Structures are given as C-alpha cells and as structure tokens.
Amino acid sequence: MAWRFKASKYKNAAPIVPKAEACVREICVGSYQTYGNNIAASGAFMAFNWEHTGSSVAVLPLDDCGRKSKTMPLLHGHTDTVTDLKFSPFHDGLLATASQDCLVKIWHIPEKGLEQSLSDPEAIFSHKQRRVETVGFHPTADGLMYSTAAGCVALFDLSTQKEIFSNNEHPEVIQSASWREDGSVLATSCKDKCVRIFDPRAAGSPIQLTAESHQSIKDSRVVWLGNQQRILTTGFDAARLRQVIIRDVRNFNTPEKTLELDCSTGILMPLFDPDTNMLFLAGKGDTTINYLEITDKDPYLIEGLRHTGEQTKGACLVPKRALKVMEAEVNRVLQLTSNMVIPIMYQVPRKTYRDFHADLYPETTGYKTELVASEWLNGSNQMVPKMSLDPAKREHGDEPIIPRLGPKPFSSTTGDVSFDKVFAVPLAPGSHENISSVGQDSGVEMTPAQGSKPDLIVEIEIKKKHEREPVVAGNGVQKSLTTSERRKSSADDDESSDKIFEQNSESSENSMEGDGDRTDAEMRRLSSSRSSFAERRRIYENRSKSQVDEKPQSPVPLRREHSKVDPLKPSQQQQQQGNIIDTKRISVPEGKLMEEHRRGNGAGLKKSATEAAFSAASTKRTSTVFGKVSKFRHLKGTPGHKSTHIENLRNLSRQIPGECNGFHANQERVAVPLSGPGGKIAIFELSRPGRLPDGVIPSLVNGSNIMDFQWDPFDAQRLAVACDDGIVKIWQIEAGGLSEPTNTPAGELTAHLDKIYFIRFHPLAADVLLTASYDMTIKLWDLRTMSEKCSMSGHTDQIFDFAWSPCGRLGATVCKDGKIRVYNPRKSETPIREGNGPVGTRGARITWALDGHYIVCTGFDKVSERQISVYNAQKLSAPLNTASLDVSPSILIPFYDEDSSTLFVTGKGDSTIYCYEITDEEPYICPLSHHRCTSLHQGLSFLTKNHCDVASVEFSKAYRLTNTTIEPLSFTVPRIKSELFQDDLFPPTRITWSATLSAEDWFASNDKAAAKVSLKPEGMETLSSIQQVPAQPIRKSDHTQFGGQKSEYEINKQQEIQKSVSARMEFTTKLEQDDMEGVDENEWQE
C-alpha cells in the first residue's frame, strides 16, 4: 500500500472540552501587544498574565479549577506588561518572566503554589533600557536561559547569575526564537521579514543561515520541529493572508511547504509536539484552534479535527509527563480566554481505556540532565535521556511525573558551590533538617543580580536581635533574603510576630479609647470587655490597619528599608533577652513610605510596617463586615414617564469632537447638534414634551463646524457655541423658544486664529468665558466687553479638558502629553502644580471633588481600558487610587455632585451610568449602585441642585439623549420616612444657579464665596427633628454604687423603648375564648 494511504494513529484525535466547573473561571485577562503566548505550563503549575495591564502574573496548580478571587496571590514583580513567561523543563517551580520594563526575573514557586503574593524574585537580569520580547530555557543544559530584546540575543547562566553571551546582529526586533531539540542551534524570526539559524558557539558570526520569510512586518513565530532538520514558521504574506511555511535547513532558501489560510488579523501561535508530530495553531482573537499533523512527505500538513469555542487570548501545551495516559490523552492545550483557562484534552478514540496504549506514547524527553551551562558553552552536546510514560515502568505509577520544583538560592559567598548543591531539592518547610539549617544559612551572604538590585527597590529586612548591625555589601546596600530563605524562617516569624501584633493592637486601642479607668488588663485580646458589638467593631477597625493586605493598583514599586525598623527599647530587650525576635518582612507601597518621611513620622513602622502604611487621619471603611457606609450606596435611577419625553429626534450629529460632551441642558431647554452642513444646533423646550412634528427642525445655524457649546449657568436663554474657525458665537434664545432657523447671533467673539477645543463658563462669576485652542493656549474673556483678560500656557500637546475649582480661583487641565496641570490664571500664565495623568491618548476628562481638595480624572491606560483616578490636589505626582472599568473607545464624561460626593460617569454610546462615592480616605473611590439604561445614550446633562424634587428624596436630576428621544432621569435614595425632609442627605447647598460676583470683581481678585441655601420645602419636617438625641450616659461607677439604682437616663430610655414597641403592636383587651360557645352555669353544677 502506498505511503499516502497509511492512516495515522492520531488522525482522529478529538478535542474534549471539560465543563465550566472543571475550568479556571472568573479571572481577569486583557489584550496584550506582545510576542509571547501569555500563558505557560509545567508539570505542576500554570502561569498567565493577570489584569488588563498584564504587569502581574497569576500562578496556579496545573489541575486547579473553579472561581478565582481578584485578591488571589500573584507575582508582583514588574512595573510594565509581562511580554513572555516560560517554565524550566527541569524544574517545575522555576519560572522566568520578561517585561517591557527591560527586566527578566527568575521566580521560585513553592511546592504548594502561591499562598501569598510575591514581589522578590530569585534573580534579576537587565537588558539595559531595551524592552524584553521573549524569554526561555535551553532544552538540554540546566540553568541556561535565553532572552531577546530588540535585535539582541543574550544567554544567561543562572548558577552564576551572569550573562555569558550577547549578540546584536539582528537589524530589527526579534519576534520569536526556538531551540532545536538537541540544543545545538537556535532559529529566530525577525521583523525584517527574515528567518535565521543562530549558533551562539560558532566562531565568527553566530548567524549561520538567513532566508526571506513572510512578507509582512506583522508578528511571526518560529518553532523547530523536534530534532529534525526542519523548522516551521507562521506569519502573514504581502496580502495579509495568514501563512504556515515549513523549511528544511539543508535547502534553507526554498520553502518545503507553504500553506495559506485566511485573512484574519490574529497571529497564529504554533504549538508542536515532537513525539506525535501534532501541530496546534491557535490564533490570538480567534475562536478556533486548528489541529494538523506534520509529515516528512507530501502533503506535509494533514488537517485534523478543529476545535471551536471561546476567543483565544493565549495558548500553550502541557508537558507530556502530566497527561492522563490511561485515558488516551495524547496532548492537552491550555486555552487562555478573557475570563477562563480551559484545558482542552486531545484524546485518541479506543475501544477500551483499561490498558496502557504503548503505540500512542513513544518515549518522550525526560526531565533530568547532566549537562550544565558552562559545559554546553564549551562545546559539549548531550541529549536529555528519554523516559517512558507507561505507568508500570514509572516510580509512582499512574500519578503525573513532577520533577524538582526549583532551585535554592543561586549563589553564596562560600567558594565550594557545585551545581548539584545549587539546584538541590528544597527541604520541606517545618522539617527537622530545615529548622536546623536556619542558623547555618543565616550567615550566607547573597549576591543580588548584577551586583545589586534596582535602585527603586529597598527592603525592610528580617533582623535578628543578636545581630547588632545589618549585613552590608561592599557598596553599602543591605543584602536581601531570597524566597527560599524567607520560607525557612517563616515558622520562627509567626510566633514572634503574633506577640508583636498583640502588643501593637493593645497600644493602638488604648490610644483611641481615651478612658482613664480602662486598665491594660481590660484591653487584653480575649477579655470579657470586648463582648459587645461596638467593642468588636472598634477592635476590627484597629486590626484592619495592620492586617489589611492592600493590593497595589498597578505594580507599585515596593520598598524595603532597614532604617524603617526601629531598634527595640531597653525594657523590651531585657524582657526578651536571649530570644531571637524576627520582625515580619513586609512590603509597603513606595508612596506611603515617602509620605511618612515627609510627615516626619519616623516611628511610623514601630508597630508594624503595614499599620504605618495605613495610618490615615480617619478610620478604615468597614462596609464589607459591618454593613454599608455610604447613605447613597443603594441609589436608584428612574427614567421619567413617557409623557415627559421629547420624541422623534432626527439627524443627530455624530461628528462632534471628543472634547465636547455633545449635549447640554438647563432647567428650561436643551441644545442638540444636528448633522449636515452649517453647524446646526436644535433648541428644544422642556416645557413642551411629546412627539416632534416631521419636517424641518428650527435650529441655530452657525455657518461653521461646531467644536463645543455650553449654556450660561446664570442665564437659561444664553448659549455659547465655539466653531472651528476660532470664533465663539453668543446666542440669545427667546422666551418661547425657536420658531424658525436663524443665523444671526447676539454677539461674536474672535477668540483664536485656530480651532477651539472647548469653552467653559466660570461657575461663580457672570460673563466670564474660557476658551482653549489648537494653538495650545487657554484664554479668559469678559463677555461684557468681548475682551481678553488672561491667558494660560505650558501645554505641549492637545488639551483634553479644563475644570474650575469650586472656589472659582483655580483651574485644572488634562493634556494629551499625559500631564495634569493646576493654574491660578489671575496670577500666573504657567501652571502652579503639575503631575502625571492618564497615559492613554484617546481622551480624558477632569473635575474637582471634596471642596477642591481632590481632583478626579477619567481617561485610558496603555491597553485602552477606561479608568478613574483620584489625586490629591496638592500632590499630583501619582494618583491616590485608580479604578478600572472596561475596554471601550468612548471617553468617560464625569459629573460630580458635591453635596453627596457622588460621581456619575458615562460615555457616548454607553448604556450604563457608573456611580461612585469619592471619599477622603482609602480607597477614595467607592462603587455605588450603577444605573443601567434600556437603550444606548448619546449624552447626559445634569441640572442644578435647586431643581431636584427633595420631597421624593431626589438628590440629582439629569436629561438623557438617545438616538431618537430626550428623557428625564431622576436619582433617588430609598427611605422609609420619605414624608420627612432628609436633612442628612440634603445639607445646605451652594448657590450655583445665580452669579456670586461680577466679571469685574473676579478679574480684580475680589473673591467672594458662594452663598448656601437650604433645600427644605416650607412646612416639611426634618428627619433629625423627630429623632430624640439621647443624653450623655452616666458612667457605670456613678450609678452602681447606690445599691444598683437605675439612673434617670436608663429609666427614660426604657420608657421610650416601651412606647415605640407599643406603637407598633396591636393592643386589645378581648380574649380569644370570648368568641367561643360555652355551657350554661347550671350545667357546671351538675
């Protein structure tokens, strides 16, 4: 029979997808522009990028499943996106990660997985200000790692932590690299559309062969087909069709096979198994995974069964030794999606699975090698011994083969360092050998990668009491302990840290209580004085300061600083003499430690490093344990009745710039831009709702394209419109509204010679208008005289937004150059403060919060994810917190209600209005109940506070623009006693609907604060007036010394409780037996 008619054993290998319960679910994965696969697997673990920035890595056991918490332990080791990650083929717990922050880091994963987040790698290698693209391990030499950055290929010896080879002969970025199975040569694909064979040990140039490959500069991948003389590449041709090319290195310039697939944009990630010649092609963004079998004769590629499922973010193969061989599983693909990791098992159908099918499992590459990096570099080639997958021939039978989980510390100061000792199996935590070796290992001095760790990392070290001075290197930098050493001393740390915590919690409680009659004995941990609910809550709040593990918003640089750990007091030294005191090694966000320095709080970490990091003026929020904190937590958005809608809108403009909100309303009318030439704006009267008649809509004809428009906050009939010719037109709307189109404005202001970005009225002063232009200047105008009064400069790129502070003195801008600036326009043209804003360039918005003490900015991150950041208005260097929403192209437009401190954000084309409370304590951004609309909206505009129906507990009112309607939207708070004025929700509000001062006074710096007015309707009782304020309770010692007699306060309180209970209960003197039929009196006598 001819060869081409021979059927392959793996031809019918079928993909089997498990149920959702057997997958890793509810994870957070973004879309990363990297050359890596975003996921890697060893015989024991899987690792993948986490969150939309991808700077953290999640590590889970290989057989893990179920829902995952967003607070699960992670590897927080990089400050930018992790571009690639690989496990060592000889150590299942040894993980290498490469990142855009130009660093490669080596991690040791404990045997039981991550039980707490790690931020300290075992070793660090730098590529000197070049983004690292790929990383991996040598297939035959243990401890040999490679990485690529731009056009550089580098090799590192992990045992010595040194770079042993580097070459920069690639003219463009190296997109992929793959070793031959024997480890002799390396294949690379480059952005210059060429593929190369690379031999680092060759004399002269290491590039041995070069050939033209895929004719597109888009991403390409290369994989060596086992130990054959062939390589396979995936990429795009000149017409952007996806290609697969097989080449024989003996005839390198001529492709052996070229297969064109489709025109999808996702790069094909090739996953090849050399034992079975099975090839899996998973495209990023695709919902299908193709399976092909590679042969050494025509047709070279034989298509198998195709898997269709979720959209792929990344994919990898599981090592053969971890497969379920007794179920005929010949391969397993881990598919990474946006919220799941799906293990797809490829099973060969057989009649029975009782026996081991040896014909499906040839001997595979083992996990033990005798070759080391130095021997390989000197020219030694040695294949990794093969191993059998037959459970009868394996030490542990049918159990997965798991090799050693990782190395001990890589280097030491002792001269006797053999490779066996360096890569020895770590002792089990808590074992006798491990405990006895702690004291011996404490004298070993570690050498960090490249002489010292990066400057941005400092350490709070584990200090021994008998060590009077910390271990210091030659350059004066304190030596850091590795993960394995910390693991050894963790048992000793727990006991001492618990004692320290008890002392700290007691001292903090005593300082907060302030009662002189409470003794130390009463404040003990298990004291009976803590039996009350209020006491337990207060204790919880104190404990939360030192126990809350704050998750960094992004990989915040972690500092470790030995100067932060104060020496013990003499009394403590005498009390604990002879004992070793280990202070917990705790990572503290850099910004919080620097803030402690500025405050001069040098003893801030005396109690505990985390307690100092969380030492804020106010107590921690305890909403997750003790119920809601915000009164607006359950706010409710309610659209108005259909009779209040304006319907049959037509020809809405979609060409409004992103800096314009696109829709503005006041208490009388709304302005909506219309499509078509002439820059038309339609004016609709809110007093005339209903269906608009067909035909021409009366509008304001501006004659030029509209850039922005805004109602005068103090005059409901005046509208300002900015055009692309640099002119601002002032329109005066008649009381009855527009009856016909008009092109005659009340006034024109030639503000700039270029286009205008946006315009803003002053919130307090009448006739003050601000304009921002393409010439990157901002000007202030007096509309009475149509003259320029002030100007602001200092922007280097497009100005996204400007916001006035509540006091009207300052203004804040956000710019495309990634900066936030604060101006005092009447005193200086240049900014008085400047800081880093959103990094995304799509657009941003800015507003003030909490009486001008904080600034809220909405924008995008690097991967176009929308986010909200809160800044301290006095310190703009970094945001206090950032909340991420979703990936969407529309800019989040904020509205801030200062009375309730509620932030409403939404974007054009969204259907959800996101609601947050802005606070002056962590986490600064607290999510409330979001409002989801039934349709998409094109704009949202809020009215002033005096138009809210406070009798219905309406604290905010807005108008919503959809494609065909204008709808009122009411935001209320559910209350039981809604017939009362809720004065806890409606404090006296600032008058923003009438001018506080004139333009002349404001430009003359005659500032005046806005008056405040109560929103309480006449004749309506307040909620606080019916709530009895209890008198101050008399101390227990004052009323228990007279024979246990009750105090007047307790008697009054008891009477009030009885009255309130009686008022809610039905009271009757009628008994149940009164309605029953009885017997006559004489019958009883009988």
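How far is it, in nm, from the label point at Glu212 to the one at Ser877 when both lie 7 Å from their Cα along the line to the Cβ?
If labels sit at Glu212 and Ser877, their model points lie 5.4 nm apart.
Could you calculate the contour length gain from Met1020 to Gln655, that is, 0.36 nm times the residue separation minus the distance between their Cα atoms, to one decimal place in nm?
Computed gain between Met1020 and Gln655 is 126.6 nm.
Based on the Kirkwood radius over alpha-carbon pairs, what value in µm²/s does the Stokes-Einstein equation return for the translational diffusion coefficient of segment 876-946 at 20 °C and 1.002 mPa s?
Numbers: Rh = 13.4 Å.
Reported coefficient: 160 µm²/s.
Please work out the C-alpha center-to-center distance from segment 859-934 to segment 660-702 and express it in whole Å.
Segment 859-934 and segment 660-702 have Cα centres spaced 29 Å from each other.
Find, among the GluC sites (Glu not before Pro) in segment 856-935, those assigned to loop by DSSP (not H, G, I, E, B) with at most 15 other beta-carbon atoms within 10 angstrom.
Sites meeting the loop and neighbour criteria: Glu921.
Under 16 Å from a point placed 7 Å out from the Cα of Asp1001 along the Cα-to-Cβ direction: which residues of segment 743-763 have their backbone N that close?
Only 762-763 fall inside the zone, counting backbone N under 16 Å.
5 Å is the cut-off here: which amide hydrogens, built 1.01 Å from N in the peptide plane, fall below it relative to Leu880, excluding neighbours closer than 5 in sequence?
Val870, Tyr871, Asn872
According to the Cα gyration tensor, what semi-axes, each the square root of 5 times an eigenvalue, does the equivalent ellipsoid of segment 143-297 have, listed from largest to smallest in whole Å?
Semi-axes, largest first: 26, 17, 16 Å.
So between Glu370 and Glu310, what do we pick up on full extension, going 0.36 nm a residue minus the alpha carbon distance?
Going from the current span to full extension adds 17.4 nm.
How large is the direction-averaged shadow of the alpha-carbon convex hull of segment 37-115, in nm²? Let's see the in-between values first.
On the way: hull surface 20.1 nm².
About 5.0 nm², averaged over all directions.
If only Cα atoms are counted, what is the Rg of segment 842-922, and what is its Dmax, in Å?
In order Rg, Dmax, the Cα atoms of segment 842-922 give 12.1, 35 Å.
Of the peptides 168-178, 1011-1021, 357-367, how do they stack up when ordered by the mean number of other Cβ atoms within 10 Å, highest first?
Numbers: 168-178: 18.9, 1011-1021: 11.4, 357-367: 16.5.
In decreasing order of mean packing, 168-178, 1011-1021, 357-367 become 168-178, 357-367, 1011-1021.
How large, in Å, is segment 316-363 by the Kirkwood hydrodynamic radius built from its alpha-carbon pairs?
11.7 Å
May I ask you to list the trypsin sites (Lys or Arg not before Pro) in segment 181-289 that are in a DSSP loop and have at most 11 other Cβ atoms within 10 Å of their Cβ?
Passing sites in segment 181-289 are Arg250.
Which of the peptides 40-53, 659-672 is most tightly packed, and how do the rest follow, going by the mean number of other Cβ atoms within 10 Å of each residue? Can you show the working numbers first?
Details: 40-53: 23.8, 659-672: 21.1.
Ranking the peptides 40-53, 659-672 by packing returns 40-53, 659-672.
State which entries of Lys313/Lys862; Lys908/Lys957; Lys218/Lys313; Lys631/Lys1059; Lys957/Lys1012; Lys755/Lys816 exceed 21 angstrom in Cα-Cα distance in the structure shown.
On the way: Lys313/Lys862 17 Å; Lys908/Lys957 19 Å; Lys218/Lys313 17 Å; Lys631/Lys1059 28 Å; Lys957/Lys1012 19 Å; Lys755/Lys816 16 Å.
As for pairs spanning more than 21 Å Cα to Cα, those are Lys631/Lys1059.
More than 20 Å apart: what percent of Cα pairs in segment 776-847 qualify?
28 percent
P(r) tail for segment 265-315, what percent of Cα pairs lie past 12 Å?
Value for segment 265-315: 62 percent of Cα pairs lie more than 12 Å apart.
Can you tell me how much longer the chain between Asp182 and Ala238 gets when fully stretched, taken as 0.36 nm per residue apart minus their C-alpha distance, in nm with one decimal?
Between Asp182 and Ala238, full extension yields an extra 16.8 nm.
Using only the alpha carbons, work out the radius of gyration and Dmax of segment 93-224 in angstrom.
Cα-based Rg and Dmax for segment 93-224 come out at 15.4, 48 Å.
Between their Cα atoms, which of Lys70/Lys875; Lys105/Lys128; Lys257/Lys368; Lys257/Lys324; Lys162/Lys191; Lys162/Lys284 are more than 24 Å away from each other?
Table pairs above 24 Å Cα-Cα are Lys70/Lys875; Lys257/Lys368; Lys257/Lys324; Lys162/Lys191; Lys162/Lys284.
What's the ranking of 116-126, 784-794 by average number of surrounding C-beta atoms within 10 Å, highest first?
Descending packing order for the listed peptides: 116-126, 784-794.
Values in this text are rule-based calculations from the coordinates and carry no lab data. Note that the structure is a prediction, hence the values are computed from the model and not measured. Please note: Cβ atoms are built from the backbone with ideal geometry, for glycine as well, and neighbour counts cover all protein chains shown.
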